[in-house]
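The values are calculated or read from the model by the stated rules, or taken from the named source; none is laboratory data. Note that this is a predicted model, so its numbers are computed, not measured. Note that we place each Cβ from the backbone using ideal geometry, even for glycine, and neighbour counts take in every protein chain shown. To get the accessible areas, we keep the full protein, side chains included, count just its heavy atoms, and leave off ligands, DNA and RNA. Shrake-Rupley method; radii C 1.70, N 1.55, O 1.52, S 1.80 Å.
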Amino acid sequence: KSILNDASVDQNFSSIANILKQKNYNTFFLVGGKLNYDNRYGFFLGQGFDNFYGEKDYNNVFKTTWGIADEHLFEKSFNILKNTKKPILMSILTLSNHPTYEFPKPNNFIPVSNKIKHQKRFNAFKYSDWALGQFMKKCKKEPFYENTIFVILGDHGITSTKSHQNSSMDLSAYYIPCLIIAPNLNK
């Protein structure tokens with residue numbers, strides 16, 4: 001059972017989205033998958049997010065078992081940013097690093113060698129990094145960049161094959177990548 005489905009999380013907390021809304025920020029949560037999966041919509045609504053985009057908001061793009069490929073998710077994010085005048089908190093949950101590790105093959109993407117163990121998984125992570133890099137390169141050239149706080153989350157970390165924890169599950173799968181980029185934060 002996911003913690004997001006626990007009724008006790010459906011309440012207003014002192015969250016970054018709630019705090020930034022008081023400072024005139026627009027708050028966005030984007031995911032390439034379903035917004036209602038694991039109570040994402042309800043949970044993030046309770047955390048102060050006002051604008052949501054999920055799988056149904058993308059047309060004619062590469063879709064996997066879990067949702068939309070990262071490059072399309074970042075493209076949607078970029079277009080939203082370009083059309084918003086107020087400062088923005090943009091939270092993006094990527095899915096390309098989720099098993100089945102499906103993704104489109106961009107022309108300038110150089111895959112990991114097929115001699116490497118877990119090549120498919122590492123290629124998915126490399127693709128996700130590539131898509132993020134392309135997105136941030138474009139964002140840095142735009143006026144909105146200085147007034148945006150980016151929170152990029154991966155859906156999963158890499159599970160280890162040798163867990164040293166006394167647990168019935170591999171907790172390393174829940175070391176989730178999180179990147180916060182706030183260009184104007186220290187000014």
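Within the stretch 72-90, not a single residue is out of contact with any Ser or Thr (no Cβ under 6 Å at 6 or more places or on another chain), more than 24 Å from residue 141 (Cα to Cα) and not in a loop (DSSP other than H, G, I, E, B).
Check 59, 97, 51 and return the single one that is farther than 25 Å from residue 125 by Cα and among the polar types (S, T, N, Q). Result of the check over 59, 97, 51: 51. If you filter the stretch 91-118 down to residues that are polar (S, T, N, Q) and not in a loop (DSSP other than H, G, I, E, B), you find that the one that is modelled with the highest pLDDT is 91. Being closer than 24 Å to residue 17 by Cβ, out of contact with any Cys (no Cβ under 7 Å at 6 or more places or on another chain) and of a type outside the set (S, T, N, Q) holds for only one residue in 92, 110, and it is 92.
Residue-wise test of (1) of a type in the set (Val, Ile, Thr); (2) open to solvent by 80 Å² or more (accessible area, probe 1.4 Å); (3) touching a Gly at 6+ places or on another chain (Cβ under 8 Å).
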residue: 28; (1), (2), (3): no, no, no
residue: 34; (1), (2), (3): no, yes, yes
residue: 59; (1), (2), (3): no, yes, no
residue: 65; (1), (2), (3): yes, yes, no
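Among the numbered conditions (1) over 14 Å from the mean Cα position of the chain (by Cα); (2) among the aromatic types (Phe, Trp, Tyr); (3) under 16 Å from residue 28 (Cβ atoms); (4) open to solvent by less than 20 Å² (accessible area, probe 1.4 Å), the only one that residue 78 does not meet is (1). Pairs are defined by a Cβ separation below 9 Å, a sequence spacing of at least 6 or placement on different chains, a first member in the stretch 173-186 that is over 15 Å from residue 140 (Cα atoms), and a second member that is among the polar types (S, T, N, Q) and modelled with pLDDT of 85 or more; the pairs so defined are 177/94; 177/128. Considering the stretch 126-183, the residues that are modelled with pLDDT of 95 or more, among the basic types (Lys, Arg) and in a loop (DSSP other than H, G, I, E, B) include one that is nearest to residue 95 (Cα to Cα), namely 140.
All told, residue 96 falls short of being among the hydroxyl-bearing types (Ser, Thr, Tyr) and out of contact with any Leu (no Cβ under 9 Å at 6 or more places or on another chain).
Can we say residue 102 is among the acidic types (Asp, Glu), surrounded by fewer than 14 Cβ atoms within 10 Å (Cβ to Cβ) and in contact (Cβ under 8 Å) with a residue 24 or more places away in the chain? Considered against the rule, which asks whether it is among the acidic types (Asp, Glu), surrounded by fewer than 14 Cβ atoms within 10 Å (Cβ to Cβ) and in contact (Cβ under 8 Å) with a residue 24 or more places away in the chain, residue 102 comes out as no. Every condition in (1) under 28 Å from residue 183 (Cα atoms); (2) modelled with pLDDT of 90 or more; (3) part of a helix (DSSP H, G or I) holds for residue 44 except the one numbered (2). With respect to (1) touching a Pro at 6+ places or on another chain (Cβ under 6 Å); (2) assigned to a loop (DSSP other than H, G, I, E, B), the lone exception for residue 123 is condition (2).
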